[in-house]
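**Q** One structure, as structure tokens, below. Some questions next.
The values are calculated or read from the model by the stated rules, or taken from the named source; none is laboratory data. Note that the coordinates shown come from a computational prediction; the quantities given were computed from them, not determined experimentally. With ideal geometry, Cβ positions are generated from the backbone for all residues, glycine too; neighbour counts draw on all protein chains shown. Heads up: the accessible areas ignore ligands, DNA and RNA and are worked out on the full protein's heavy atoms, side chains in. Shrake-Rupley method; radii C 1.70, N 1.55, O 1.52, S 1.80 Å.
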Amino acid sequence: MNSSISTLFMAFFLVISFSLSAQSPITLNSNFEDWATAQSWTSSTGGGNINKVAISHTSEWVYFYIKTTNEVALDEFTLPNSIQLVLDFDNDPTTGSNYQGLGLGAELIIDLPSRSATLFSSSGSPSGPAINSLGLHISPTYSAFEFELALDRSLVNMADGDLKFVWYESASGAEIPSGGGIHALTSFNYSVVPTPLEKAVGTEIRVAFWNVNRRLDQAGAQNAIERILLATQPDIIGFSEVDDVSASYVAGLLDGWLPLDGNGWQVIKDDYDLMIASRFPIASTYPSIDRQMPGVISTESVWGVPMLFTSSHLKCCNGDALRQQQADEYMAFQRDAMTVGGSIDIPSGSPIVYGGDLNMVGLSGSINTLKTGDIYDNDQYGVDFPPDWDGSSMVELEARLSDRGMDYTWRNDGSAYMPGKLDYIIVSDAAVNVLRQYSLQTSDLSAARLEQYGLLANDDLDASDHFIVIADLALVGGVSQTDADADGIIDVADNCPNLSNSDQADFNLDGFGDACSDADLDGLTDEQELQITNTDPLIQDTDGDGLTDGIEVSLFMTDPILYDTDQNGYSDAEDLVLYIWSSPCAGDANYDGSVTVEDLLILLSVFGGIC
């Protein structure tokens, strides 16, 4: 398995401080390693499904972690559960509600499977706000054994101070932490390093997937879509919910927005609501697969092999059985494509990219099938198989929001569902390296970033209720991935491609690494001057003695930061001239008893000097 997929995209956070309660920067992305140091509790009472919980926070969010013994769909009844989160904002049992006799003065109760909430006033009077008015986010959105949640502190007026909470299962009466857990909320914060929107260095092809919510023919949405595409510059796009427009209409839009030399954008539409738009020729498509359109893209001009690219829009809500069937059907197609014979063959090692709006709610089976090749209905769709060329699974990209530590790609504030990750990119990482990945919620960008990329803050939701999802790809072992000096930096990104310098230091930001650059042309590299001789890398003769720094170090053996190394009253250059004419071996400038080219070089270094 190629490990480079996530290494460039995981280190996004700067930890400002850690408190006694082990505050940790948390990213909502269904990867739970960042919870390792968080304040946590495990169940000791038994009888319930919850066996571990944890909590963390920033000045803006409270984060919760929950692990269950049996798989649940946390915010649905698909796999029945009765899990509730009970919060006492001020750790005061005399305010709010003593809900279910738990001993807390609860100000908020969130019933997860029904996606409902109850707020209590200080006197205990209840009100029922819509779930999205709480700013609640959950990851993943499908069934699992582990979940992480974020609650917007500002939307529920959760101030600094002790917070008491309980995870409660109403069906069994089980609670964890028993009697409630206390967590001190503070102004702790950390900064998310924004992901650049332009292509990463070394990118060979940028792919994108976007459910445009049938808005491509709406004037207001078109302007927002155009700005987003101009900012992101994809090479191949998998569109969904485009059943209201024709392929030629979309090709015309793209040719106007992102004009190409030659024949323009290639766009093919299936018989449902999917399109593939490509700067490269589309050799063939296979639209008969239910709610998925694979296409063979002629990327040989870049990679030497084609790409199997699939735009998908799987069955939505309450559609677990159909979603699984659709995943099974596609994987049977991919197995055929990777195996000699059958209806389609692609060359071994061809990149495989699958993505789109997978509507991943309910059961987890379909996403697992798409990643692992574990087909549910083997009788109809054949045997399981390893779907990547190296015999491993495909890789789901995190593609978190560019300016926020969360991975949701769909948001509708008026919906009964919370924001969630519905749009995915899955790749064969044995064939391609992923150099950059993100989804774009423009409302998160700073004013400076919006101006930089020509975007407006409301472009995201003006364009669609789904965010565009992006990945930058390069062929494994391709020319752009060559690392001639084996320093871990590919040549196209290496500021010293032929000299190992993994730190990529470049003191004057001229694009040339200090290890291989001689900015002042004095014969010493910038790195040598900065780290060894302590000379000025921008001045040829740091001590002003008439000899360049390199000549002093390599030939004359004088100190390049002392004007008069031997302190005889003459500069080092004057010493050299005087010695040349006074030495019993005339012309022996470096005192080695013979006159050689080295002596000539020393003399030339001071030639033209005025004494």
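**Q** When you scan segment 339-368, how many residues do you find that are of a type outside the set (D, E, K, R) and touching a strand residue (DSSP E or B) at 6+ places or on another chain (Cβ under 8 Å)?
**A** 17
**Q** Next question, about the same structure. Please state which of the following conditions N263 fails to meet, knowing it meets all the rest: (1) more than 30 Å from F77 (Cα to Cα); (2) surrounded by 21 or more Cβ atoms within 10 Å (Cβ to Cβ).
**A** The single condition N263 does not satisfy is (2).
**Q** Turning to a different aspect of this structure: From the set of residues in segment 169-214 that are of a type in the set (F, W, Y) and over 18 Å from Q233 (Cα atoms), which is nearest to the chain's Cα centre (by Cα)?
**A** Y190
**Q** Which of (1) within 23 Å of D503 (Cβ to Cβ); (2) part of a loop (DSSP other than H, G, I, E, B) is the odd one out, the single condition Y570 does not satisfy?
**A** Evaluating Y570 over (1) within 23 Å of D503 (Cβ to Cβ); (2) part of a loop (DSSP other than H, G, I, E, B) leaves (1) as the failure.
**Q** Taking segment 212-252 as the search range and keeping residues that are among the acidic types (D, E) and crowded, with 20+ Cβ neighbours inside 10 Å, which one is nearest to V302 (Cα to Cα)?
**A** Only one residue fits best here, namely D235.
**Q** Six or more apart or on different chains, Cβ atoms under 8 Å: show the pairs whose first residue is in segment 238-251 and at pLDDT 95 or above and whose second is open to solvent by 20 Å² or more (accessible area, probe 1.4 Å) and of a type in the set (D, E).
**A** D244/D217; V245/D217; Y249/D217
**Q** Only residues that are aliphatic (A, V, I, L, M) and more than 19 Å from G420 (Cα to Cα): list them for segment 90-133, please.
**A** Of the residues in segment 90-133, the ones aliphatic (A, V, I, L, M) are 102, 104, 106, 108-110, 112, 117, 119, 130-131.
Of everything in segment 90-133, those that are aliphatic (A, V, I, L, M) and more than 19 Å from G420 (Cα to Cα) turn out to be L102, L104, A106, L108, I109, L119.
**Q** Tally time: how many residues in segment 114-156 are in a helix (DSSP H, G or I), in contact with a strand residue (DSSP E or B) (Cβ under 7 Å, 6 or more places away or on another chain), closer than 30 Å to Y424 by Cβ and touching a residue at least 60 places away in the same chain (Cβ under 8 Å)?
**A** Going through segment 114-156 one residue at a time, the tally reaches 1.
**Q** Residues that are of a type in the set (A, V, I, L, M, F, W, C) and open to solvent by 10 Å² or more (accessible area, probe 1.4 Å): list the strands (runs of 3 or more DSSP E) wholly contained in segment 275-320 that include at least 3 such residues.
**A** Fully inside segment 275-320 and qualifying: nothing.
**Q** Looking at segment 51-63, is at least one residue among the aromatic types (F, W, Y) and more than 24 Å from the chain's Cα centre (by Cα)?
**A** no
**Q** If L151 satisfies all but one of (1) of a type in the set (A, V, I, L, M, F, W, C); (2) within 22 Å of N31 (Cβ to Cβ); (3) open to solvent by 50 Å² or more (accessible area, probe 1.4 Å), what's the number of the condition it fails?
**A** Tallying (1) of a type in the set (A, V, I, L, M, F, W, C); (2) within 22 Å of N31 (Cβ to Cβ); (3) open to solvent by 50 Å² or more (accessible area, probe 1.4 Å), L151 fails exactly one: (3).
**Q** Moving on. Determine if segment 212-234 includes at least one residue that is closer than 21 Å to P351 by Cα and free of Cβ contacts under 8 Å to residues at least 40 places away in the same chain.
**A** yes
**Q** Filter segment 159-189 down to the residues that are assigned to a strand (DSSP E or B) and surrounded by fewer than 18 Cβ atoms within 10 Å (Cβ to Cβ) and list them by number.
**A** Result: G161, D162, S178, G179, I182, A184.
Conditions (1) of a type outside the set (S, T, N, Q); (2) farther than 30 Å from E60 by Cα; (3) open to solvent by 30 Å² or more (accessible area, probe 1.4 Å); (4) at pLDDT 95 or above, marked per residue:
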{"position": "Q334", "(1), (2), (3), (4)": "no, yes, no, yes"}
{"position": "A337", "(1), (2), (3), (4)": "yes, yes, no, yes"}
{"position": "M360", "(1), (2), (3), (4)": "yes, no, no, yes"}
{"position": "S364", "(1), (2), (3), (4)": "no, yes, no, yes"}
{"position": "N368", "(1), (2), (3), (4)": "no, yes, yes, yes"}
{"position": "T372", "(1), (2), (3), (4)": "no, yes, yes, yes"}
{"position": "R404", "(1), (2), (3), (4)": "yes, no, yes, yes"}
{"position": "L422", "(1), (2), (3), (4)": "yes, no, no, yes"}
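**Q** A follow-up question, please. Since A130 meets every condition but one in (1) surrounded by fewer than 21 Cβ atoms within 10 Å (Cβ to Cβ); (2) among the aliphatic types (A, V, I, L, M); (3) farther than 23 Å from V361 by Cα, which condition does it not meet?
**A** (3)
**Q** How many of the residues in segment 440-456 are of a type in the set (A, V, I, L, M), open to solvent by 50 Å² or more (accessible area, probe 1.4 Å) and either free of Cβ contacts under 8 Å to residues at least 60 places away in the same chain or in contact with a Gly (Cβ under 6 Å, 6 or more places away or on another chain) (or both)?
**A** The number of residues fulfilling the criteria is 2.
**Q** For segment 389-398, enumerate the residues that are assigned to a loop (DSSP other than H, G, I, E, B) and closer than 27 Å to L28 by Cα. Full working, then the answer.
**A** Within segment 389-398, the first condition is being assigned to a loop (DSSP other than H, G, I, E, B), and the residues that meet it are 389-394, 397-398.
Scanning segment 389-398 gives S392, S393, M394, L397, E398.
**Q** Also: Has segment 565-578 got at least one residue that is of a type outside the set (S, T, N, Q), at pLDDT 70 or above and closer than 21 Å to D518 by Cβ?
**A** Scanning segment 565-578 turns up at least one residue that is of a type outside the set (S, T, N, Q), at pLDDT 70 or above and closer than 21 Å to D518 by Cβ.
**Q** Another question, if that's okay. Select from segment 551-567 the residues that are in a loop (DSSP other than H, G, I, E, B) and surrounded by 16 or more Cβ atoms within 10 Å (Cβ to Cβ) and write down the one among them that is nearest to the chain's Cα centre (by Cα).
**A** P560
**Q** Counting only residues that are open to solvent by 30 Å² or more (accessible area, probe 1.4 Å) and assigned to a helix (DSSP H, G or I), which one in segment 512-550 is modelled with the lowest pLDDT?
**A** I532
**Q** A further question on this structure: Yes or no: segment 461-473 includes at least one residue that is within 26 Å of D494 (Cα to Cα), open to solvent by 10 Å² or more (accessible area, probe 1.4 Å) and not in a loop (DSSP other than H, G, I, E, B).
**A** no
**Q** Under 18 Å from E60 (Cα atoms) and of a type outside the set (D, E, K, R): which single residue out of S133, S116, S122 fits that description?
**A** It is S133.
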